[in-house]
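The values are calculated or read from the model by the stated rules, or taken from the named source; none is laboratory data. Please read these numbers as outputs of a predicted model, since none were measured by experiment. Here the Cβ positions follow ideal geometry from the backbone for every residue, glycine too, while neighbour counts run over all protein chains shown.
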Amino acid sequence: MTSDSVLAIETSDLVKVYGETRAVDGIDLAVRTGAVYSVLGPNGAGKTTTIRMLATLLRPDSGSAKIFGHDVVTEADEVRSRISLTGQSTSVDEELTGLENLILVGRLLGYRHADAKARATELVQAFDLTEAANRLLKTYSGGERRRIDIAASIVVTPDLLFLDEPTTGLDPRSRAQVWDIIRAMVGEGTTVLLTTQYLEEADHLADRIALIDHGKVIAEGTPGELKASAGSGALHVGLVDPGQRAKAEKTLTTVLGVPVHRDSDPARLSARIFDPDRAAQALRELTGSGIEISDFALGQPSLDEVFLALTGRPAGDGTGTGTGREAATDKKEATV
Amino acid sequence: MTTTATRTEQAPGGDTLRQALSTRPRPRRANPVYASLTFAWRALLKIKHVPDQLGDAIIFPIMFTLLFTYLFGGAIAGSPGNYLHYFLPGVVVLAVALTSMYTGTTLNLDISKGIFDRFRSLPIWRPSVLVGAQLGDVVRYAIASVFPVLLGLVLGFRPDGGFAGVLLALLFLQVFAFSLAWIWTLFGVLLRTPSAVQGLTFPIQFLLVFGSNILVDPQTMPGWLQAIVNVNPVSHAATAVRGLMHGTVTAGELGTAFLSCAVLIWLFAPPTMYLYNRQER
């Protein structure tokens, strides 16, 4: 059914406006089937608004979006039968048990009660939730909640799964579990669109990444391509004495000929490099001028640095980005 | 092959996980009736897990029955016994009318939560969420109406329509409550918070219940008030319930009562559905 020629997701100039804010401002995406595609951006970049339009929950103001060739507005029902959504806020019923939640979704998808129950039981076992299955959702930990939520999304294996910030707020162990589940799902042929504000997460899981900011795609490609766009690599230097940082910064700037970035750690500096020889020379200059180096590393730039290189500000710094999601979240808090 | 196996062993559930994720045939799509019944099942589960929500449905009607019968009954109808004969069918209507407001606040609460996103991204008949929730309310209405009837029987209420008459009256009340609840569901999708829904529902409910013939015969009221009481759908329902319980119901009374139900649905269901479909968060 999903021939390779049909894209799982194809959007063209997608726009959603909330009052004055262009939450999504002309996004073009092309996602192949069978891949993990990550939409990466800081809080309020427009990730959730985009995903909600793709999942037929929000109507785009202009532009178009197609899921497996079906328009999200005019063929919403056809789209809904191919997708599943695990939203940012838990999309399960707090007043039911985990098992009941899965049975509910199973029945709504068309399973008879007994079949829905069998499927639900299979899923709680697979997701390591057997012990929690008969407890009410409100007693669940963050990680359990997230897993039951994802389980609810795959009661019938969807062709395309939307995961909106699936690991936000989870402890490292739960996060690793969710990653394993995502990898296993992709192994079984599901296409996954994943939003995240964790650069590391996109780097680990995604085949391709769209970096978005202020409702626009500012870069798109494989993790490797995105890193290359920030230079061939970066030099990270740790100083023994933070007091020497200004002097070290001056030396590095002179030798490398590029701006040097002050890390939040007062004893650290980093800079993009284009030529490893220059880096070696810079380190010699530093030690030669009496600056004590505690450690240094030379490596591919992290996506953090990519973001910085492309936007001029660090990721996660949501300065001046009022967005749909924030507006929506506000509204939601007001209604609870 | 080997590498995949190693990886999934670390995943929660390991092989069970891969097994659970393997693609399987999709079941036939849930039809509207089945989807609605599933949502009704959900509503019943909630009653099972949080039974204290039934407290109001039981306590208020009992309070009203005792209060009106003994406090005002003698003054209104000569004796509490006489009044009970007139008032008890009315208090059952009152009980159900008050209980029907839960539908609105529950829906509003649902919309404000993430579960709503899941329902809306499923390929189901969209009104089934609302219709199903109301079907689940059948249990609540039954409880709210049976208790005052039982209390009435203990206090000396003797319906001339017998068991069959009372049963028919209670069945009619299910239809009436379903119809009336569309007003509250409209508020549920229109307003932002459950407390706002409650804030608007309460005064309107108060007017509907007290501006009716539930408590007293409108004959002694001023003409303009009689006019209002006589168009109030709650009055039509109370007249029909009274008639059914006492075995005096006319075809005209029943016809008017069912017509009121139809008008309530016709007026309030379409805008509710329209706003519900447009819900965007």
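Yes/no per residue for (1) of a type in the set (Gly, Ala, Ser); (2) crowded, with 24+ Cβ neighbours inside 10 Å; (3) farther than 25 Å from B:Leu107 by Cα; (4) facing another protein chain (nearest Cβ under 10 Å):
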{"position": "A:Ile83", "(1), (2), (3), (4)": "no, yes, no, yes"}
{"position": "A:Thr90", "(1), (2), (3), (4)": "no, no, no, yes"}
{"position": "A:Glu95", "(1), (2), (3), (4)": "no, no, no, yes"}
{"position": "A:Ala114", "(1), (2), (3), (4)": "yes, no, yes, no"}
{"position": "A:Phe127", "(1), (2), (3), (4)": "no, yes, yes, yes"}
{"position": "A:Leu137", "(1), (2), (3), (4)": "no, no, no, yes"}
{"position": "A:Arg145", "(1), (2), (3), (4)": "no, no, no, no"}
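Considering the stretch B:239-256, the residues that are among the aliphatic types (A, V, I, L, M) and within 23 Å of B:Val146 (Cα to Cα) include one that is surrounded by the most Cβ atoms within 10 Å (Cβ to Cβ), namely B:Val241. Being crowded, with 20+ Cβ neighbours inside 10 Å and part of a loop (DSSP other than H, G, I, E, B), is that true of even one residue in the stretch A:250-263? Taking every residue of the stretch A:250-263 in turn, none turns out to be crowded, with 20+ Cβ neighbours inside 10 Å and part of a loop (DSSP other than H, G, I, E, B). Every listed requirement among (1) under 23 Å from A:Thr311 (Cβ atoms); (2) surrounded by fewer than 22 Cβ atoms within 10 Å (Cβ to Cβ) is met by A:Thr50 save one, (2). Considering each of A:Leu226, A:Leu298, A:Leu269 in turn, give the residue that is of a type in the set (A, V, I, L, M, F, W, C) and surrounded by fewer than 17 Cβ atoms within 10 Å (Cβ to Cβ). Selected residue: A:Leu298, the only one of A:Leu226, A:Leu298, A:Leu269 that is of a type in the set (A, V, I, L, M, F, W, C) and surrounded by fewer than 17 Cβ atoms within 10 Å (Cβ to Cβ).
A:Glu100: of a type in the set (Asp, Glu), buried (at least 20 other Cβ atoms within 10 Å of the Cβ), modelled with pLDDT of 90 or more and not in a loop (DSSP other than H, G, I, E, B), yes or no? So A:Glu100 passes the test.
Taking the stretch B:1-74 as the region of interest, the helices (runs of 4 or more DSSP H) fully inside it that hold 1 or more residues being modelled with pLDDT under 80 and within 11 Å of chain A (Cβ to nearest Cβ) are B:2-10, B:15-21. Tell me, yes or no, whether the stretch A:105-125 has at least one residue that is in the same structural domain as A:Thr168 (by TED's automatic domain parsing), outside any loop (DSSP other than H, G, I, E, B) and in contact with a His (Cβ under 9 Å, 6 or more places away or on another chain). Yes: the stretch A:105-125 contains one or more residues that are in the same structural domain as A:Thr168 (by TED's automatic domain parsing), outside any loop (DSSP other than H, G, I, E, B) and in contact with a His (Cβ under 9 Å, 6 or more places away or on another chain).
Yes or no: A:Ala120 of a type in the set (A, V, I, L, M) and either facing chain B (nearest Cβ under 10 Å) or surrounded by fewer than 21 Cβ atoms within 10 Å (Cβ to Cβ) (or both)?
no
Restricting attention to the stretch A:129-168, the residues that are farther than 24 Å from A:Ile83 by Cα and not in a helix (DSSP H, G or I) total 9. Are any of the residues in the stretch A:178-196 of a type outside the set (Val, Ile, Thr) and away from chain B (no Cβ under 14 Å)? The answer is yes, given that some residue of the stretch A:178-196 is of a type outside the set (Val, Ile, Thr) and away from chain B (no Cβ under 14 Å). Of the set (1) at the interface with chain B (Cβ under 7 Å from one of its Cβ atoms); (2) out of contact with any Lys or Arg (no Cβ under 6 Å at 6 or more places or on another chain); (3) crowded, with 18+ Cβ neighbours inside 10 Å; (4) at pLDDT below 90, all apply to A:Arg107 but (4). Elements of the type helices (runs of 4 or more DSSP H) sitting completely within the stretch B:99-177 and holding at least 2 residues that are under 22 Å from the mean Cα position of the chain (by Cα) and modelled with pLDDT of 90 or more: these cover B:128-155. Scanning the stretch A:41-88 for residues that are of a type in the set (D, E, K, R) and more than 16 Å from the chain's Cα centre (by Cα) gives A:Arg59, A:Asp61, A:Lys66, A:Asp71, A:Glu75, A:Asp77, A:Glu78, A:Arg80, A:Arg82.
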